[in-house]
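Worksheet: one structure, shown below.
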Amino acid sequence: MPDPILPLQADQIGKTYRQGATTIHALRHVSLTVEQGEFVAVMGASGSGKSTLLHAIAGLIDVDAGRVVIAGQDLSLLTDRALTKFRRSRLGIVFQSHNLLPSLSAEDNIRLPAESTENLDQEIDDLLDRLRLSARRNHKPAALSGGEQQRVAIARALICNPAILLADEPTGSLDSVTGAEVCRHLRELVDDQQRSIVMVTHEPHVAMWADRVVVLKDGNNLAEFVTDGRRDPQSLAKEYHQTLEGEVVR
Ligand SMILES: Nc1ncnc2c1ncn2[C@@H]1O[C@H](COP(=O)(O)OP(=O)(O)OP(=O)(O)O)[C@@H](O)[C@H]1O
């Protein structure tokens, strides 16, 4: 089980990029709070700032305004080295392209970020078992299916026992059946282990696994709604599209 944690809090985050004479306002004043044991999906059109927000929460980019506080720690107050250490111990990060090392087995990819401890082998066994990868532990990524590769990436993100998992389009490269399987694993991490998840997705049938959907538009918070546990992609898609079209603004 992860350590008891405080919520993740991103307050009024601003981020601009410069490209020649052009200034791109990727995030204007975006705020997001996530409680322990909460699964939040971040949705929005392409370019609305979803990935930038996730990178800001992970401390992978400097922000121009606002602050990110994780487990009571303001990320801006950490040195680069301390931030790397903090990120490793508190956050698990999963991207669409899973970034597994091709020369290592599934098991060794999972082991890579972990510090060597007495219990590490047992923890790896538990994760392999939980993510139904035990039979594939000695395979290299090229010999694994897309869903298996993504589950290895999730296991690698969990090996340091982070309380918060950040996932950017984790099912983006998967077919719908495999994508649903990955979502089910994410949901279990919240329900069974009280971890918190922030997941960026375009897809209502992926967002429906979350407890709450936060919608960004042009680098701003546009709206948010709870999924009410209804897990119904059609009604979620309808509410999402109405929100984007301005028919429902909360
Ligand atoms: N490194 C960068 N340099 C310049 N502009 C950037 C950079 N990263 C993002 N942007 C711009 O910031 C805005 C927000 O980008 P971001 O990737 O956060 O959007 P997104 O909602 O995740 O989009 P998508 O769904 O297409 O992945 C976009 O206009 C994008 O072009």
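No value in this document is a laboratory result; all are computed from the given coordinates. In this text, all values refer to a predicted model and were calculated from it rather than measured experimentally. FYI the Cβ positions are ideal-geometry reconstructions off the backbone, even for glycines, and counts take in every protein chain you see.
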*Quick check: anything in region 41-51 away from the ligand (no atom under 16 Å from the Cβ) and either of a type outside the set (G, A, S) or outside any strand (DSSP E or B) (or both)?*
no
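Results for (1) in a loop (DSSP other than H, G, I, E, B); (2) in contact (Cβ under 8 Å) with a residue 12 or more places away in the chain; (3) of a type in the set (D, E, K, R), shown as yes or no for each residue.
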site: L32; (1), (2), (3): no, yes, no
site: L53; (1), (2), (3): no, yes, no
site: G59; (1), (2), (3): yes, yes, no
site: D125; (1), (2), (3): no, no, yes
Subset of region 152-171, residues surrounded by fewer than 22 Cβ atoms within 10 Å (Cβ to Cβ) and basic (K, R), comes to none
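Any residue that is over 21 Å from I154 (Cβ atoms), more than 16 Å from the ligand (Cβ to nearest atom) and in contact with a helix residue (DSSP H, G or I) (Cβ under 8 Å, 6 or more places away or on another chain) - is there at least one of those in region 53-68? Outline the logic, then answer.
Our first condition is that a residue be over 21 Å from I154 (Cβ atoms); within region 53-68, this holds for 56, 61-68.
Retained after the next criterion (residues that are more than 16 Å from the ligand (Cβ to nearest atom)): 67.
Applying the additional criterion that residues be in contact with a helix residue (DSSP H, G or I) (Cβ under 8 Å, 6 or more places away or on another chain) yields 67.
Yes, region 53-68 has at least one match.
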Worksheet item: Any residue at all in region 92-106 that is aromatic (F, W, Y) and either in a helix (DSSP H, G or I) or away from the ligand (no atom under 15 Å from the Cβ) (or both)?
Response: no
Exercise. Would you be able to say whether some residue in region 100-110 is in contact (Cβ under 8 Å) with a residue 24 or more places away in the chain, surrounded by 13 or more Cβ atoms within 10 Å (Cβ to Cβ) and either in contact with a strand residue (DSSP E or B) (Cβ under 7 Å, 6 or more places away or on another chain) or under 17 Å from A163 (Cβ atoms) (or both)?
Key: no
Filter region 10-24 for residues that are under 18 Å from L53 (Cβ atoms) and hydrophobic (A, V, I, L, M, F, W, C); the one that is farthest from the ligand (Cβ to nearest atom) is A10
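Tally the residues that are part of a strand (DSSP E or B) and either among the aliphatic types (A, V, I, L, M) or in contact with a Ser or Thr (Cβ under 8 Å, 6 or more places away or on another chain) (or both), restricting the search to region 15-30.
Going residue by residue through region 15-30, those that are part of a strand (DSSP E or B) are 15-19, 22-30.
Now drop any that are not either among the aliphatic types (A, V, I, L, M) or in contact with a Ser or Thr (Cβ under 8 Å, 6 or more places away or on another chain) (or both), which leaves 15-17, 23-27, 30.
Within region 15-30, residues that are part of a strand (DSSP E or B) and either among the aliphatic types (A, V, I, L, M) or in contact with a Ser or Thr (Cβ under 8 Å, 6 or more places away or on another chain) (or both) number 9.
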